[in-house]
Amino acid sequence: MYKGKKRIGLLTSGGDCAGLNAAIRAVVNRAVDGLGWQVVGLHKGTAGLLARPPEAESLSPNRFDGTLLRMAGTILGTTNKGNPFAFPYPDGTLRDRSEEIVEGFRQLELDALIGVGGDGSLSILRRLAQQGDIPLIGIPKTIDNDVVGTEVAIGHATALWVATDALDRLQPTAASHDRVMVLEVMGRDAGHIALSAGISGGADVILLPELPYRIEGIAAKIDALRAQGRNFALVVVAEAAPMETGEPVVQAHNDAGMALYGGIGHYIGRRISETTKAEVRVTVLGHVQRGGTPTPRDRLMASIFGVHAVDLLAAGKSDRMVAWSGRNVVDLPLADIVDRPHRVDPAGALIRTARGLGIYVGEVSGGEESGGEESGGEESGA
């Protein structure tokens, strides 16, 4: 067990989500009150370490009177652009500014770093930590729930609640107007939000980037509902679900070359209308999935992860990520986590559940329409 007094840095990186402030609170309370350490909050992720002087503030438990626990977003700010190893400049050039970030860390006289981020952020932070010989502990957060090694990431539970609530609100208006309602949700390249919300919200069709589909299969499902006397249908589409050609709908690319998805909901809505002659309305849920009051689940997991991250540093450990597995908090090597996104298992429990409920979730192997059971492993998207 580490016996001295530490001065640790804490940052949030990547897209914001509900539960980040609960994680910050947990780190500060455990480190300051529990161990007598100092916690320095770094502003705007790694961007705060590029500023001179570095943009940072000392964090005290007095800051957390209960209000911030209930707030979404992050009091430290965050960024999901400007890879320090290939930092974009106005003239279009890319430069390596990683050593500036390491120097910013040293200027603050920090002993260790706790980074709260998704797969991409944790990958960058690990490279920086290795370059600067910085003890690093990672905390997984992403509404997409695509960080490998953990059943739960901070932010997913709230995003799932928002998407399910949207379906709850769309169902009565769909029934009132004899419509097919299409809901496009976030998730990047993984379909966890769409799948879990679709099951929870009573969707009839769920389209994911992990499974191929046919418009004819969707139309057959809607026709079957009509034959049963149903006058409406609910369709959930993950933002990275492809068109029939297999290509995703991409609006643009960010500075790092990452595709910015958006528009598949309108494409699917148009194709459903053309194929079934149904009246279709499309809702793109967008960034409301990132905000709102964190659910109890997100607050709980953020608190558990924050405390355990500090305890790992106190035990002299680094280059680890805290995780939730088997109803317990664990920690894993960051080397086993980064650059290995966790996607929906096409043979997993949630896909089997959806098909068992009669939901169309794409095609099974062999080109047959979905609807029956299939064997396979488990997944942890819920």
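For region 150-267, the per residue solvent-accessible surface stands at 36 Å², with DNA, RNA and ligands left out and a 1.4 Å probe.
Which number gives the lysine pairs in the chain that have C-alpha atoms under 14 Å apart and are eight or more places apart or on different chains? Close lysine pairs under the 14 Å cut-off: 4. With a simple spin-label model that places each label point 7 Å from the Cα along the Cα-to-Cβ direction, the separation between Gln107 and His177 comes to 5.4 nm. Relative to the longest principal axis of the Cα atoms of the chain, helix 119-132 runs at roughly 20 degrees.
Looking at the square roots a ≥ b ≥ c of the eigenvalues of the Cα gyration tensor of region 296-345, which shape do they give, rounded for a/c under 1.5, prolate if a/b is larger than b/c, or oblate? Verdict is oblate for region 296-345. Sorted largest first by accessible area at a 1.4 angstrom probe radius, with every protein chain in place, the residues Tyr261, Tyr360 fall in the order Tyr261, Tyr360.
In the chain, the portion of solvent-accessible area held by carbon and sulfur atoms comes to 49 percent [1.4 Å probe, whole percent, DNA, RNA and ligands not counted]. Within the set (1) 1.18; (2) 1.05; (3) 2.51, the number that Cα Rg over 2.2 N^0.38 Å takes when calculated for this structure is listed as (2). The calculated 222 nm mean residue ellipticity attributable to helices in the chain amounts to -10000 deg cm²/dmol, summing -39500 (n - 2.57) over DSSP H runs of n ≥ 4 and dividing by all residues. Take the alpha carbon atoms of region 211-236, find their center, do the same for region 290-317, and report the distance between the two centers in whole angstrom. Cα centres, region 211-236 to region 290-317: 41 Å.
Across the chain, the relative contact order, built from alpha-carbon pairs under 8 Å that are at least six residues apart, equals 21 percent. A Cβ-based charge dipole, computed about the Cα centre of the chain with Lys and Arg at +1 and Asp and Glu at -1, lands at about 1080 debye.
The values are calculated or read from the model by the stated rules, or taken from the named source; none is laboratory data. No experiment lies behind these values; they were computed from the predicted model shown. Cβ sites come from the backbone with ideal geometry, for glycine too, and all protein chains shown count toward neighbours. The protein model used for the area step is the full one, side chains on, heavy atoms only, and it has no ligands, DNA or RNA in it. Shrake-Rupley method; radii C 1.70, N 1.55, O 1.52, S 1.80 Å.
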